[in-house]
């Protein structure tokens, strides 16, 4: 059996999937496999992948769409390896990714390892280098209470931890919800500073959608996992700042009180980290509070115009 399986689900990705697959293969160890799910594409995705001559590729075709979470779980069932990594069809793997990540997984004593990315867009072509910052397992849970600090296609994890967690749930942000469940269960997550991926930015990304973001903020399973992480990190359950911001039942006084209590708890919990990481979390907290207040103003303005958040 291969030591590493890389999972790549794709739907209608003919324009970019060839480059994504070739960059992945160049960085993969010899003892590895690339599992590609063609998720009921209506374009030439499957033929492009099929035309790449490499015995490490396993192409799986779905006649009807699985969706992201179910598709990834299907690929996990087909994989038989000690380690599992992710890749997307519109990104590019940087040279040496998997060897570096396997070393970093051991160095951080992590079970789920992420890395930074270099973002790029095509029109105009622009590359943004990442901030070279590591998130240690000791700090990761606190970061999750403020934001999703990692890019899903940089994941490299032990197969055992993904099996223990039951794989992905069919929720709007299936990646963030899985990281929350992992952190709540006391699993070790870390983000290594070195970039391993060129991450393509484009307007059609689902995470750019306001409706998608709000559906994630309202999702009950994600809220429960978030509360469990807060219980572990802060000593009490809490709500996401963004979910609090768009809740029409919360008045200004209650909003300010809950945000203030959450902020106090985060600052207190951050003192167990070193000075640099504690200061980083405080800055991030201030940014997230500002973002929550902006989301609240936006939601109230929409309500005033007669719109709804449903």
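Values in this text are rule-based calculations from the coordinates and carry no lab data. Please read all numbers here as calculations on a predicted model, not as lab measurements. Neighbour counts are summed over all protein chains in view; Cβ atoms, including those assigned to glycine, are modelled from backbone coordinates with ideal geometry.
Antiparallel as a % of all DSSP beta bridges within the chain, to the nearest 5?
So the antiparallel bridges in the chain amount to around 30 percent.
Cα-Cα pairs above 15 Å in region 28-101: how many percent?
Value for region 28-101 (Cα pairs over 15 Å): 59 percent.
When ranked by the protection proxy of mean other Cβ atoms within 10 Å per residue, highest first, what sequence do the peptides 67-80, 145-158 form?
145-158, 67-80
If each residue's Cβ is checked for other Cβ atoms within 10 Å, how do 246, 57 rank with the fewest at the top?
57, 246
Distance between the C-alpha centers of region 227-245 and region 32-77? Whole Å please.
37
If you look at just the Cα atoms of the chain, how large are its Rg and its Dmax in Å?
Taking only Cα atoms of the chain, I get Rg and Dmax of 20.0, 63 Å.
Rank these for me by crowding, 212, 179, going from fewest to most other beta carbons within 10 Å.
Ordered by Cβ neighbours within 10 Å, fewest first: 212, 179.
For region 36-76, what are the per-bin percents of Cα-Cα distances with bins 10 Å wide, up to the bin holding the maximum?
29, 53, 18
Which semi-axes, in whole Å and largest first, does the equivalent ellipsoid of region 69-127 have when worked out from the alpha carbon gyration tensor as the square roots of 5 times its eigenvalues?
Semi-axes from the Cα gyration tensor: 25, 19, 9 Å.
Which whole-number percentage describes the relative contact order of the chain, with Cα contacts under 8 Å and a sequence gap of 6 or more?
Dividing the mean separation by the residue count of the chain yields 17 percent.
Assuming 0.36 nm per residue, please report the length gained on full extension of the stretch residue 256 to residue 61 beyond their Cα-Cα distance.
Length gained, residue 256 through residue 61: 65.2 nm.
Kindly provide the helix-only [θ] at 222 nm of the chain, computed as the sum of -39,500 (n - 2.57) over DSSP H runs of four or more divided by all residues, to the nearest 500 deg cm²/dmol?
Mean residue ellipticity at 222 nm (helix-derived): -14500 deg cm²/dmol.
What do you get when you divide the Cα radius of gyration of region 208-302 by 2.2 N^0.38 Å, with N the number of residues?
This ratio for region 208-302 stands at 1.11.
Mind listing P(r) for region 1-141? All alpha-carbon pairs, 5 Å bins, whole percents.
2, 9, 18, 20, 20, 16, 10, 4, 1
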